[in-house]
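Data block below; observations after.
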Amino acid sequence: MINFVGAGPGAKDLITVRGLELLRTADIIIYAGSLVNPELLQEAAAGCRIYNSAYMTLDEVVKVMIDGERSGYKVVRLHTGDPSLYGAIREQMDRLEEAGIGYQVCPGVSSFCAAAAALQAEYTLPAVSQSVIITRMEGRTPVPEKEKLHLLAGHGCTMVIFLSVGMVEKVRQELLDGAYSEETPCAIVYKASWKEEQIVRGKLKELSQMALNHGIRKTALIVVGECLGDDYELSKLYDASFTTEFRKGTKV
């Protein structure tokens, strides 16, 4: 059984309890060296074989997994954040199925959650935004035609943009071509939850300069939307006049 494990956004203690146990009992660990905190590898057992997938092709990664499983070893594929987001795990799982090898996924804390924590923000504020779009700018890797950034930006909800700070001026223009204005609040969160974490806040008109002034060119999320502003309505959940399954509302 191959275990795909979410390493969390960066901080060593933000891996799940289950993920940490799998890491500690692994005989082979293949980790995404470009993003996974190397401090996590200190949890590996003595004698564990460790591979950095940043230097490997898909074929090489899959071969290590298949050979390890067939030799009776416990194999962990350690991905950054949560494996379901930009983890390229589907192609690995399909290869494992072709080889008749089982696998399971241990979820992790995504960096978009760590960014919200760093910003002390709630992405889904009543009367402001009840949706979050997680996406990326088109670069060397294309995006589907219906998911061009300016089209998604037409919704005007909270957006968390991965893998795009190196194209920040294009991002700004695409967002302005959607439903956002130059005054829309935005933020750049560099290496959320890491010791090097850096938060830069501003308005959308300032986005490019924000990145330039702080030398941020990669490993950062862009957050945009009125959820970063000050205006919102109180939740109905705790409204004294609102009846729920657990309590009866009082008349005002």
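The values are calculated or read from the model by the stated rules, or taken from the named source; none is laboratory data. This is a predicted model, so every value here is computed, not measured. Don't worry about glycine lacking a Cβ; one is built from the backbone with ideal geometry, like all the others, and counts go over all protein chains shown. Only protein heavy atoms, including side chains, enter the accessible area calculation; ligands, DNA and RNA are left aside. Shrake-Rupley method; radii C 1.70, N 1.55, O 1.52, S 1.80 Å.
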So how much accessible area does Thr184 have, in Å² to the nearest 10, using a 1.4 Å probe? 10
With x for Gly and Pro, the residue-by-residue ³J(HN,Hα) of region 218-224, computed from phi through the Karplus equation 6.51 cos²θ - 1.76 cosθ + 1.60 at θ = phi - 60° and given in whole Hz, is 7, 6, 9, 10, 9, 10, 9
How much net charge surrounds Ile66 when only the other residues with a Cβ under 15 Å from the Cβ of Ile66 are counted, with Lys and Arg +1 and Asp and Glu -1? -3
Residues with amide H under 5 Å of Ile50's amide H, sequence separation 5 or more or different chain, H placed in the peptide plane at 1.01 Å from N; which? Ile29
Determine the dipole magnitude for region 116-194: charges of +1 sit on the beta-carbon of Lys and Arg, -1 on that of Asp and Glu, nothing else is charged, the reference point is the Cα centre, and the result goes in debye to the nearest 20. 280
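Which order do you get for Arg49, Arg95 if you rank them by accessible area with a 1.4 Å probe, largest at the top? Before the final figure, lay out each step's value.
On the way: Arg49 110, Arg95 80 Å².
Ranked from most to least accessible, the order is Arg49, Arg95.
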Positive-end residue of Cys48, Ala7, Gln92, charge dipole of region 1-104 with Cβ unit charges: Cys48
Potential extension, Glu147-Ala179 segment - 0.36 nm per residue separation minus Cα distance: 10.0 nm
Note, ³J(HN,Hα) from phi for region 52-65, Karplus 6.51, -1.76, 1.60, rounded to Hz, x at Gly and Pro: 9, 6, 4, 9, 10, 8, 4, 4, 5, 4, 5, 4, 4, 5
Taking only the alpha carbons of the chain, the radius of gyration and the largest Cα-Cα distance, Dmax, both in angstrom, are 21.0, 69
Separation of alpha-carbon centers, region 62-140 and region 165-229, rounded to whole Å: 23
How large a share of the accessible area of region 112-162, in percent, is made up of carbon and sulfur atoms when the probe is 1.4 Å and the other protein chains stay in place? 51
With the crude spin-label approximation of a point 7 Å out along Cα→Cβ, what separation in nm comes out for Ala127 versus Lys205? 2.6
Net charge, Lys148 excluded, C-beta distance under 9 Å - Lys, Arg +1, Asp, Glu -1: -3
Residue-count net charge about Asp27 - beta-carbon cut-off 15 Å; Lys, Arg +1, Asp, Glu -1: +1
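Between Lys251 and His155, what's the calculated FRET efficiency when r is the beta-carbon distance and R0 is 35 Å? Round to 0.05.
Values: r = 37 Å, r/R0 = 1.05.
Approximately 0.40, to the nearest 0.05.
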The ³J(HN,Hα) series, computed from each phi in region 180-191 with the Karplus coefficients 6.51, -1.76 and 1.60 at θ = phi - 60°, rounded to the nearest Hz and given as x for glycine or proline, is 8, 10, 4, 8, 4, x, 8, 8, 10, 10, 8, 6
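Please express the shape of region 144-223 as an equivalent ellipsoid: the semi-axes are the square roots of 5 times the eigenvalues of the C-alpha gyration tensor, given largest first in whole angstrom.
For region 144-223, the ellipsoid semi-axes come out as 21, 13, 11 Å.
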Suppose each label sits 7 Å from its Cα in the direction of the beta carbon; what would the Leu212-Ser84 distance come out to in nanometres? 3.9
Charge dipole magnitude, Cβ of K and R +1, D and E -1 - region 1-130, Cα centre, debye nearest 20: 180
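Could you provide, to the nearest whole Å², the per residue accessible area of region 64-126 with probe 1.4 Å? Let's see the in-between values first.
Numbers: 3030 Å² over 63 residues.
Dividing the accessible area of region 64-126 by its residue count gives 48 Å².
So, R0 is 25 Å and r is the distance between the beta-carbons of Ile134 and Thr244; what FRET efficiency does that work out to, to 0.05? Don't skip to the end; give the middle numbers.
Working: r = 30 Å, r/R0 = 1.18.
After rounding to 0.05, the efficiency reads 0.25.
Quick one: compute the contact order of the chain, relative version, from alpha carbon pairs under 8 angstrom and 6+ residues apart, as a percent. List each step's numbers first, then the result.
Working: 485 pairs, mean separation 47.1, N = 252.
RCO, the chain: 19 percent.
How would Asp230, Asp82 line up by accessible area, probe 1.4 Å, largest first? Working shown, then result.
Values: Asp230 140, Asp82 25 Å².
Solvent-accessible surface, decreasing: Asp230, Asp82.
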